[in-house]
1. Looking only at helices (runs of 4 or more DSSP H) that lie completely in the stretch 136-203, which have at least 3 residues being closer than 19 Å to Gln109 by Cα and at pLDDT 95 or above?
2. Is it true that Arg98 is of a type in the set (Lys, Arg) and modelled with pLDDT under 90?
3. Restricting to the stretch 31-64, and then to whatever is crowded, with 19+ Cβ neighbours inside 10 Å and not hydrophobic (A, V, I, L, M, F, W, C), can you tell me which residue is nearest to the chain's Cα centre (by Cα)?
4. Counting only residues that are basic (Lys, Arg) and out of contact with any Leu (no Cβ under 9 Å at 6 or more places or on another chain), which one in the stretch 59-106 is farthest from Glu129 (Cα to Cα)?
5. What are the residues in the stretch 158-203 that are under 21 Å from Arg138 (Cβ atoms) and among the charged types (D, E, K, R), if any?
Amino acid sequence: MDALMRLIIYGTLSLLALILGIDTHIGSGLATSESSAVADMIAVLDDSGLRSDAHMARSVLRSSRFRKSRFFDWLNAFSEARGYDFAFYAYTPILSSRRVFLGDNYWRQDAYGRASVTVHELAHVRRHERRAMRGIPRSSDEVEAYRYQYQTYRAIGIGSYGIGSDVYWDMMYGIRDYVVPAYPEYAERKDVAEALYVMRLAE
């Protein structure tokens, strides 16, 4: 009986792990309205002069590799209902070369905020395509993605207030947590220094 119970428990856990792995690494496709919102975001990239990002985003959209995860959308809703900010916009799985998962917070942003989030994820994609280890280690992966997002945010037009401000501040937290430890000189840049000051006051 003990052996049967263990078999049932381990079998159930293995099945749940398989389902979770499929959902967070394969996921499901976008609805028509969501694909239309992505197309609007791509138009912002074009208008911002970020042609290579727009081209890559179109390729990802055409190949249905912009995806959704039910688990991460549930986790986002669960966290927010309890007063926690999960802040899940999008992610590129560590071992993925081209899948980009878009979360609930992504759709809540305007097209400019979505554009900035997208260039961050496309930086992951480019890095994964060049490296056998793809997104490992994740910390280095995030450093480069935040550096590229920072490099492009002015062209896209997001800022600390108004257009894309939520994304701007989350980017600056990423600059603080990932980029500044690796590249301390970033802390001396005027916009970063001002953001770091505001974040210190808020803590």
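The values are calculated or read from the model by the stated rules, or taken from the named source; none is laboratory data. On a predicted model such as this, the values are computed, not experimentally measured, just so you know. Reconstructed Cβ throughout: ideal geometry from the backbone, glycine too, with neighbour counts over all protein chains shown.
1. 138-156, 165-174
2. So Arg98 fits the description; yes.
3. Asp53
4. Arg82
5. Asp170, Arg176, Asp177
Residues are listed down the side, and each one gets a yes or a no for (1) touching a residue at least 24 places away in the same chain (Cβ under 8 Å); (2) part of a helix (DSSP H, G or I); (3) out of contact with any strand residue (DSSP E or B) (no Cβ under 7 Å at 6 or more places or on another chain); (4) not polar (S, T, N, Q):
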site	(1), (2), (3), (4)
Val38	yes, yes, no, yes
Leu45	yes, yes, yes, yes
Gly49	yes, no, yes, yes
Ser52	no, yes, yes, no
His55	no, yes, yes, yes
Tyr84	no, no, yes, yes
